[in-house]
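Asker: Below: one structure in structure tokens.
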Amino acid sequence: MRWTDCRVVAFDTETTGLNAFAGDRVIEFGAVEIDIDAEGRVTGAQAHDFLINPLMAIPRTASRISGITDEDVAGKPTFGKLAPQIRALLADAVLVAHNLPFDLGFIRQELRGAGLQWPATRAEVDTLPLSQRLLSELRSHKLENICHHLGVPLDNAHRASHDAEATGRVLAEIARRHGAPADLEGFVRWADAVGPPPDSGHLVVGEQGLAEFTGGPHAGHTVEDHPDYLQWMIIAVERRGDRWQPRFPDSVREWARRWLRVRCSGRFRGSPRSQGSTDWTIAPAVWG
């Protein structure tokens with residue numbers, strides 16, 4: 001399947017602050033469905049924009065960035081009311097965001113509060129590291145700078161649907177200029193994105209639509225619940241004959257690295273004296 005034949009959905013959030021896990025909330029969600037032809041050119045865009053009542057006062061610092069005030073969200077629905085609609089927009093799509101872990105953290109946290117899981121997706125692409133890797137001549141990889149460099153329009157920056165559409169167009173332009181593979185699997189590797197786990201028998205997409213372990217101490221549990229074990233799978237070895245060999249196939253270890261970079265934005269840190277899965281944790285630092 002060509003990646004451009006999938007629903008390509010760019011999304012962005014505006015929030016009350018920077019910490020999704022310390023009480024900050026989403027005040028605007030924007031998702032834009034981007035139509036891309038076989039030559040990689042954007043042929044259409046359909047925006048979905050929601051102002052959201054966070055049930056808390058919006059700090060002035062946040063309002064100065066987005067322009068969204070308490071008056072703007074008064075009487076608007078809460079995220080919980082919109083959660084099924086937002087989740088449906090994200091499901092079964094190639095998702096795109098600029099600095100994906102930030103928006104991902106907020107949306108996952110808000111979905112959990114509504115009793116919902118992050119949906120199964122075709123791929124999850126972060127245009128920030130993609131720009132850092134392929135547009136290394138840029139001194140800054142802020143979305144505005146990338147748009148200016150690529151000739152992508154960005155009107156009304158720091159409003160969710162406007163930033164989302166610009167992000168989707170940035171992905172299309174980078175993919176076109178740098179010869180991204182047309183097939184979905186090749187595109188996921190090229191973009192260093194997260195897609196479904198490899199068909200190796202070690203991981204599977206479960207009934208919740210999330211990757212699950214098929215064996216080991218966490219069989220039947222989602223990868224999201226035990227990322228430390230996923231980290232261990234990357235470095236686990238076993239004795240075969242007279243040599244130590246990786247315990248898991250290259251395809252599994254490559255997928256695990258991508259998943260941790262995109263989903264956790266952390267890095268593994270292990271005991272120098274042991275390779276047990278319980279010795280591995282996520283550090284609060286950018287995955288290298």
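Asker: Calculate the dipole size of the chain relative to its Cα centre from +1 charges on Lys and Arg beta carbons and -1 charges on Asp and Glu beta carbons; express the result in debye to the nearest 20.
Answerer: For the chain, the charge dipole is close to 920 debye.
Asker: Tabulate in residue order the Karplus-calculated ³J(HN,Hα) for segment 159-170, using 6.51 cos²θ - 1.76 cosθ + 1.60 with θ = phi - 60°, rounded to whole Hz; enter x for Gly and Pro.
Answerer: 10, 4, 5, 5, 5, 5, 4, 4, 5, x, 5, 4
Asker: Taking Cα centroids, how far is segment 14-65 from segment 225-258 in Å?
Answerer: 36
Asker: Ranked by Cβ crowding within 10 angstrom, fewest neighbours first, how are 137, 14, 173 ordered?
Answerer: Listed from fewest to most nearby Cβ atoms, that is 137, 173, 14.
Asker: Counting DSSP beta bridges in the chain, what percent are antiparallel, to the nearest 5?
Answerer: 80
Asker: Turning to a different aspect of this structure: What ranking do 140, 131, 63 get, fewest neighbouring Cβ atoms within 10 angstrom at the top?
Answerer: Ranked by crowding around the Cβ, least crowded first: 140, 63, 131.
Asker: Positive end of the dipole of segment 146-217, charges at C-beta (+1 Lys, Arg; -1 Asp, Glu), about the Cα centre: which of 179, 195, 205 has its Cα farthest in that direction?
Answerer: Result: 179.
Asker: Please list, ordered by chain and number, the residues whose modelled amide H lies under 5 Å from the amide H of residue 194; skip anything fewer than 5 residues away on the same chain.
Answerer: Correct list: 124.
Asker: Follow-up. Read through the labelled values [x] 132; [y] 163; [z] 150 and report the label of the one computed as volume of the Cα convex hull per residue in Å³ from the structure.
Answerer: [z]
Asker: Can you give the relative contact order of the chain as a percent, counting alpha carbon pairs under 8 Å and 6+ residues apart?
Answerer: Relative contact order here is 17 percent.
Asker: Here's a follow-up. Just name one of 153, 143, 105: the one whose Cα is farthest towards the positive end of the charge dipole of segment 3-190 (beta-carbon charges, Lys/Arg +1, Asp/Glu -1).
Answerer: Working it through, the farthest residue towards the positive pole turns out to be 105.
Bear in mind that the values in this text are calculations on the coordinates, not laboratory data. Keep in mind that this is a model prediction, so the values were computed, not measured. Cβ coordinates were reconstructed from backbone atoms using ideal geometry, including for glycine residues, and neighbour counts include every protein chain displayed.
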